[in-house]
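Bear in mind that the values in this text are calculations on the coordinates, not laboratory data. Keep in mind it's a predicted model, so treat the numbers as computed, not measured. FYI the Cβ positions are ideal-geometry reconstructions off the backbone, even for glycines, and counts take in every protein chain you see.
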């Protein structure tokens, strides 16, 4: 079964460090799987690591994390060439498509060269949950800020545009991000939108933001609104997803949510 309506989960998160294993699926990734509403079988998740250059050692960590979570995982890669003969068929069979971080600019260029942008839009409309962290969150929006050109932070205004507005990531962990993103909104390079601290995610049904979630207490999202040549930041307090491992004998159990918290907004 696929999601009830087109769904995107844009985050600053994904895989977390494990105890016994190197990596585990974190609460944000598990929540994306939960939103796919899978019953009676293991969820299917395909990982796309284009932004990081399709590094094989990362795939190993993801496959181990998927095994622990009871997930049937696969990878779509483009280096040195596509590894799947029929990308459309593969993507439409998935419950979740998870896109990892890295270079947003390179991701967009490679995807468009292979027509993956069109296929992802079709999968989204068919109910496959699109999700990811960092570049894997930025890509779904009209634009965002990225370190793709290095070493500074640059605005990119030609995202896939499935979601209106811009997105900023690593708001609390990279001191270059916030001023560069706010300046790009203030001068009109980017539209207003949202920014994410580490461990926070936005959940969209269609083009509507329906939930703001986090994997840790104290983290926040920020609503960014342009007025004249200035930008107002408004804190959005997410509800916290608790990292409760699923019973390995029941891979469809994804009961990781706490009761919803009342959303609080506090101007910065």
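What does DSSP give for the chain in terms of the percent of beta bridges that are antiparallel, rounded to the nearest 5?
Numbers: 32 of 57 bridges.
Roughly 55 percent of the DSSP beta bridges within the chain come out antiparallel.
What percentage of all Cα-Cα pairs in region 82-220 are separated by more than 28 Å?
For region 82-220, the fraction of Cα-Cα distances above 28 Å is 17 percent.
How far is helix 116-125 tilted, in degrees, relative to the longest principal axis of the Cα atoms in the chain, given as a value from 0 to 90 rounded to the nearest 10?
Value to nearest ten degrees: 80.
When the helix-only estimate is applied to the chain (DSSP H runs of n ≥ 4, each -39,500 (n - 2.57), divided by the residue count), what is the mean residue ellipticity at 222 nm, nearest 500 deg cm²/dmol? Walk me through the intermediate numbers first.
Details: 7 runs with 64 residues, N = 268.
When only DSSP H runs of four or more count, the value is -7000 deg cm²/dmol.
What spacing in nm lies between the two simple spin-label points modelled at residue 113 and residue 149, each 7 Å away from Cα in the Cβ direction?
2.0
Using 5 Å bins from zero, what percent of all Cα-Cα pairs in region 40-137 falls into each bin?
Cα pair-distance distribution for region 40-137, in percent: 3, 13, 25, 28, 21, 8, 2, 0.
When the chain is fully extended, how far beyond the present Cα-Cα distance does residue 125 get from residue 183, taking 0.36 nm per residue of separation? It would help to have the intermediate numbers written out before the result.
Values: separation 58, 0.36 × 58 = 20.88 nm, distance 3.34 nm.
Gain on extension, residue 125 to residue 183, equals 17.5 nm.
Quick check on region 7-267: take the gyration tensor over C-alpha atoms, sort the square-rooted eigenvalues as a ≥ b ≥ c, and tell me if it's rounded (a/c under 1.5), prolate or oblate.
Judged from the Cα gyration tensor, region 7-267 comes out oblate (a/c at least 1.5, b/c at or above a/b).
Post the alpha-carbon centroid distance, region 59-126 to region 181-195, in whole angstrom.
29
Determine the gain in length on full extension of the stretch residue 22-residue 235; use 0.36 nm per residue of separation and subtract their C-alpha separation, reporting nm with one decimal.
Working: separation 213, 0.36 × 213 = 76.68 nm, distance 3.33 nm.
The span from residue 22 to residue 235 would gain 73.3 nm if fully extended.
May I ask you to sort 181, 47 by Cβ crowding, counting other Cβ atoms within 10 Å and putting the fewest first?
On the way: 181 28, 47 25.
Ascending number of Cβ neighbours within 10 Å: 47, 181.
Please give the helix 177-186 orientation as an angle from the longest Cα principal axis of the chain, in degrees from 0 to 90, rounded to the nearest 10.
Taking Cα atoms only, the helix is inclined about 60 degrees.
Sticking with the crude label model, points 7 Å out along Cα→Cβ, report the distance from residue 72 to residue 217 in nm, one decimal please.
In this crude spin-label approximation the distance works out to 4.0 nm.
Treat each spin label as a single point 7 Å out from the Cα along the C-beta direction, and report the residue 84 to residue 41 distance in nm.
Distance between label points: 1.4 nm.
Compute the acute angle (0 to 90°) between the alpha-carbon long axis of helix 56-69 and the principal axis of greatest extent of the alpha-carbon atoms of the chain; round to the nearest 10°.
70
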